[in-house]
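Enquirer: Pasting in a structure now, in structure tokens, and then I'll have a few things to ask.
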Amino acid sequence: GDQTIRLGPLPPGDPLIEDGRPPGRPPASPADVFFGRSGELVELARALADDRRRIILVTGTSGMGKTALAAEAAHRNAWRFTGGITWADAPQTKDAAATLTADDLLTRLAANLELSLRPNEHPADVLLDHCSRRPTLLVLDNLETWALECRGECRRLADFLARLPAPSRALITLRPPLEDLERLRGAWTLPLQRGLDEMPAIALTRHLAQASQAAQLLERPDAIPQLVGALHGHPRMLELAVAQTKRPGGLDRLLRDLPGLSGLDELVGWSVRLLGDAGRAVLPYLALFPAGSCTPEAMAAARGADPLDGLTDLYNAALVAYDDRNDRYTWHASAVDWVERYSPLPEEERKAERIRLLEYYTEWGNQHSEDHNLLERDYPNLMSALEWAWDILQGEAPPDHHRVGKEAIVWDCLGLRGFWGVRGFWRERIVWLERAVELGKGLEDKILRQQHSSNL
């Protein structure tokens, strides 16, 4: 009531806008349309509504459509999860998968829910607290390679999942069933043992033919049911088959060779044999990118040459796809599986390509150090590059002009230092600061050594 106090005219300020959408980042749908799996979608909806089924496992062979089914189910059932949907996947290559921990996966899940992590907080505790307050869906994709390479870390993930409270859920895709996860209380498995039913498979094949302008197949619609029957409605095999019908005489060749193409591995190999020299030259380099994707510039750095003709050949064979929104080439794990089994890069050549990639990612990462969305798309590739740099420094010393470059890479951490702090990836940040301090012990620059110790 003091009349002497005058606050004066105040600006009206901005309106308060409360975003009612749940936090998180749902998985991107791998296709513009979804075909079939109506029965499986109903089963998943029932499981996601049943508090007795907290851990939902989708298993099946490569290319059967596990990721697509999980993404579709997550989108259709998003309304159940007011706490949001979060997604993380494991690297496709064995080397990268071997360095991934359960905490890494949980940190990514927490970061995508925009949960802040402090350096002394465990991501499992932060996630469990969030999931106990609001129903949340945790989606973990493509865990098969990681689970085989890191059995101890997989058991740590299982320990976390055992504490996941209802009505929150975990939806997990992997190829073989995994005992550590299946034996958990509340675990339920949906095996994808068959391809699509005949009518959805025919619709998918027609859609693929129209989208890729496979004229031979479109002019002979009677061949579509034949392909569907011979390939048992397997989505990935149908995608590869349709791509090959675009080549001159490709449909007749495919129909002739179908009896010998009993599995996805055989069909990938058959597709590879039909590639031109440029496509076959680029194909082995896919295994250098554990993210299952890369930009054309990154592939050019690895190759040391223009890869466009080779990538175009792989694209026409459906061995890679192109994401025009992000200017990235992506590929299915079956392509990397085939490369690592039948056409790996020689070790000396692999080392040379890695050095070129290190130099490329050092410059690229520091140029884009503030663009965290861009860094996240290449995060598995960047982390592999850092591990390569560390392996080189710990092994036999390379030439001086390369050694300076590799030490600089470890100092700069490919532009990821700010990213780690913002996203709450403290474990990675601390590991690389410790390594920088270790390297700094041999440097004469006392101020640089003190800076690394201070940051740590």
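Enquirer: Just the Cα atoms of the range 313-403: what Rg and Dmax do they give in Å?
Expert: 15.5, 42
Enquirer: Another question, if that's okay. Looking at the range 112-238, what % of the alpha carbon pairs are farther apart than 26 Å?
Expert: Summing the P(r) of the range 112-238 above 26 Å gives 46 percent of all pairs.
Enquirer: Scale the Cα Rg of the range 268-365 by the rule-of-thumb value 2.2 N^0.38 Å and send over the ratio, two decimals.
Expert: On the way: Rg = 12.6 Å, N = 98, 2.2 N^0.38 = 12.6 Å.
The value comes to 1.00.
Enquirer: How would Asp257, Asp324, Asp412 line up by accessible area, probe 1.4 Å, largest first? The partial results should precede the final answer.
Expert: Working: Asp257 45, Asp324 110, Asp412 65 Å².
Of Asp257, Asp324, Asp412, the descending order of accessible area is Asp324, Asp412, Asp257.
Enquirer: Work through the residues other than Ala70 whose Cβ is under 14 Å from its Cβ and net out their charges, Lys, Arg +1 and Asp, Glu -1.
Expert: Details: positive: Arg37, Lys66, Arg76, Arg169, Arg175; negative: Glu40, Glu43, Glu72, Asp89, Asp141, Glu144.
Net of charged neighbours comes to -1.
Enquirer: While we're here: Read phi for every residue in the range 131-141 and hand back ³J(HN,Hα) as whole Hz from Karplus 6.51 cos²θ - 1.76 cosθ + 1.60, θ = phi - 60°, with x for Gly and Pro.
Expert: Taking θ as phi minus 60°, the curve returns 5, 6, 8, 9, x, 9, 10, 9, 10, 10, 10 Hz for the range 131-141.
Enquirer: Using only the heavy atoms of the protein chains and a 1.4 Å probe, how would Lys66, Lys351, Lys246 rank by accessible area, largest first? Please list the in-between numbers first.
Expert: Values: Lys66 15, Lys351 100, Lys246 70 Å².
Correct descending sequence by accessible area is Lys351, Lys246, Lys66.
Enquirer: With +1 assigned to the C-beta of every Lys and Arg and -1 to the C-beta of every Asp and Glu, and no other charges, what is the dipole magnitude of the chain about the Cα centre in debye, to the nearest 20?
Expert: Details: 53 positive and 66 negative charges, 246 e Å.
Dipole about the Cα centre, nearest 20: 1180 debye.
Enquirer: Right, something else. First obtain the Kirkwood hydrodynamic radius of the chain from its Cα pairs, then insert it into the Stokes-Einstein equation at 25 °C and 0.890 mPa s, and state the resulting D in µm² per second as a whole number. Could the numbers behind the result be given before it?
Expert: Numbers: Rh = 24.2 Å.
After rounding, the answer is 101 µm²/s.
Enquirer: If you don't mind, another one. Shape of the range 34-183 from its Cα gyration tensor (a ≥ b ≥ c, root eigenvalues): rounded if a/c is under 1.5, otherwise prolate when a/b > b/c, or oblate? Working shown, then result.
Expert: Working: a/c = 1.66, a/b = 1.08, b/c = 1.53.
It comes out oblate by the Cα gyration axes.
Enquirer: Sticking with this structure for a sec: List the extent of the Cα atoms of the range 30-79 along each of their three principal axes, largest first, rounded to whole Å.
Expert: Each principal axis gives a Cα extent; for the range 30-79 these are 29, 24, 16 Å.
Enquirer: Straight distance only, please: which lysines reach the Cα of Lys246 with their own Cα at less than 29 Å, same-chain residues fewer than 8 apart left out?
Expert: Result set, ordered by chain and number: Lys66.
Enquirer: Heavy-atom accessible area per residue, the chain, 1.4 Å probe: how many Å²? The partial results should precede the final answer.
Expert: Working: 21840 Å² over 456 residues.
The answer is 48 Å² per residue.
Enquirer: While we're on this one: With a cut-off of 8 Å between alpha carbons and a minimum separation of six or more residues, what is the relative contact order of the chain in percent?
Expert: Working: 666 pairs, mean separation 63.8, N = 456.
The value is 14 percent.
Enquirer: Averaging sequence separations of C-alpha pairs under 8 Å and six or more residues apart, then dividing by the length of the range 115-169, give the relative contact order as a whole percent. Could you put the intermediate results ahead of the total?
Expert: On the way: 30 pairs, mean separation 27.3, N = 55.
About 50 percent, as a whole number.
The values are calculated or read from the model by the stated rules, or taken from the named source; none is laboratory data. Only a predicted model underlies this, so the values are computations on that prediction, with no experimental measurement involved. Every residue, glycine among them, receives a Cβ derived from its backbone with ideal geometry; neighbour counts consider all protein chains shown. SASA here: full protein model, heavy atoms, side chains in, ligands and nucleic acids out. Shrake-Rupley method; radii C 1.70, N 1.55, O 1.52, S 1.80 Å.
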